[in-house]
């Protein structure tokens with residue numbers, strides 16, 4: 001049995017002239033493509049953003065046919081690691097075609113390149129865009145799913161939802177080509193139920209017309225689609241509304257958890273309620289409700305009781321809606337939470353810090369958290385001594401970037417490069433000898449040496465015949481921990497003339513206590 005042909009694919013527009021709706025977006029796309037005919041434009045790549053089914057992918061393929069360009073496409077079903085992208089898209093972007101024409105590189109669902117399956121994909125795409133000799137089209141439902149670097153390199157073109165009145169002629173034409181008599185009421189019902197998604201409208205038409213030659217409105221059984229609310233439209237409806245019930249319905253219709261939504265409201269509340277006369281009353285009231293919502297979110301995180309989310313949502317959404325005392329007309333450009341941008345900018349530094357703490361913790365038998373909070377600063381002080389820095393770098397197996405982080409340097413100086421090279425040599429020598437590089441290792445005491453227990457101010461009493469101390473003294477001897485050894489090493493590296501006033505006072509007190517103990 002032959003499978004039915006998908007009408008959405010069968011009637012894909014062959015030219016940009018036949019794209020339904022989004023006339024401005026199509027015009028901007030063609031203008032960008034024509035710039036490639038006279039050389040490499042300033043923006044070598046373009047991002048087509050918009051919800052599903054509005055014609056982004058169809059426009060990219062139609063553009064290639066109009067311009068006579070070859071197409072190289074990577075979609076979500078392909079593995080899109082850094083290696084794959086550089087092998088396929090990178091080679092295609094750096095080489096010209098056999099006959100000297102252009103090659104259009106299409107990367108569909110570019111906002112879904114993340115996780116271990118597509119490791120390094122975003123970084124590889126940014127590198128290819130900077131040096132490409134061929135036009136590149138990225139297709140994304142959510143432009144904020146792309147890295148800020150890629151967004152800065154690309155020209156953004158937004159595709160909006162297709163209006164139902166624009167869908168009707170396209171659906172009627174499909175019915176005529178398929179030999180189906182379809183009433184105008186039925187076509188309008190399908191278009192209105194699609195929610196701006198032309199591809200879904202064509203699929204609904206194919207499902208309703210299956211096995212029929214006449215299609216009436218009674219044959220349309222599909223209901224209106226549950227279209228996800230855009231976060232920016234949701235912000236507008238929440239801040240402009242005075243009805244708590246409607247504001248809550250909008251909040252439930254977006255794909256954001258209360259823990260994420262609170263950041264959106266926090267970022268945009270002072271922008272929305274900014275007053276020309278400097279009155280901060282509405283902003284203050286809104287943040288009062290927002291702080292109460294944050295308390296509930298903290299309890300959810302602490303107790304894992306997600307039933308409290310409903311109270312947090314009600315406080316943050318309804319509080320933002322009813323806290324205004326007057327209307328704030330005009331267009332407001334809502335912003336993405338700045339906290340997310342800052343976390344994204346410092347992510348690499350935080351990852352490097354945790355990686356160094358992991359190596360320190362493994363060496364000192366401490367947790368990563370303890371190493372990060374207590375030992376990282378000590379090691380940063382110790383590597384100020386060049387010899388200690390070589391031993392630490394070799395013993396922990398630090399990379400040059402990690403050594404730069406510990407030293408607080410923003411670039412690899414000649415001194416740091418020398419330390420790293422000598423540490424690598426020391427590490428190789430240790431590997432050849434079959435031993436691990438050890439540092440801060442206390443020598444084993446000899447037979448005549450007796451180690452003083454840490455914190456003890458009175459030396460053990462020696463035997464009159466010069467022998468070793470008794471059994472009770474050796475059994476109570478305390479072995480220093482690795483953390484204590486690290487502290488001892490820091491004190492050794494500190495110049496003797498930098499003795500603080502607190503240390504001098506401590507020594508005076510200690511000498512007095514020893515004198516009082518011996519005066520009996």
In the stretch 283-301, the residues that are modelled with pLDDT under 90 and farther than 20 Å from residue 339 by Cβ: none
Any residue in the stretch 207-215 that is touching a residue at least 24 places away in the same chain (Cβ under 8 Å), crowded, with 18+ Cβ neighbours inside 10 Å and within 30 Å of residue 161 (Cα to Cα)? yes
Scan the stretch 193-203 residue by residue and report those that are at pLDDT below 85 and either assigned to a helix (DSSP H, G or I) or over 15 Å from residue 160 (Cα atoms) (or both). 193
Pick from the stretch 31-40, criterion crowded, with 17+ Cβ neighbours inside 10 Å and at pLDDT 90 or above, ranking: nearest to the chain's Cα centre (by Cα): 32
Of the residues in the stretch 402-416 that are in contact (Cβ under 8 Å) with a residue 24 or more places away in the chain and surrounded by fewer than 14 Cβ atoms within 10 Å (Cβ to Cβ), the one that is nearest to the chain's Cα centre (by Cα) is 408
Is it the case, given these coordinates, that residue 472 is exposed (fewer than 13 other Cβ atoms within 10 Å of the Cβ), assigned to a helix (DSSP H, G or I) and modelled with pLDDT under 60? yes
Would you please name the residue that is modelled with the highest pLDDT, looking only at residues in the stretch 109-143 that are within 13 Å of the chain's Cα centre (by Cα) and closer than 24 Å to residue 198 by Cβ? 111
Can you say whether residue 240 is closer than 30 Å to residue 192 by Cα, over 24 Å from the mean Cα position of the chain (by Cα), surrounded by 14 or more Cβ atoms within 10 Å (Cβ to Cβ) and outside the structural domain of residue 195 (by TED's automatic domain parsing), as far as the supplied structure shows? yes
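The values are calculated or read from the model by the stated rules, or taken from the named source; none is laboratory data. The model shown is predicted, which means the values in this text are computed figures rather than measured ones. Glycine gets a Cβ as well: all are built from the backbone with ideal geometry, and neighbour counts include every protein chain shown.
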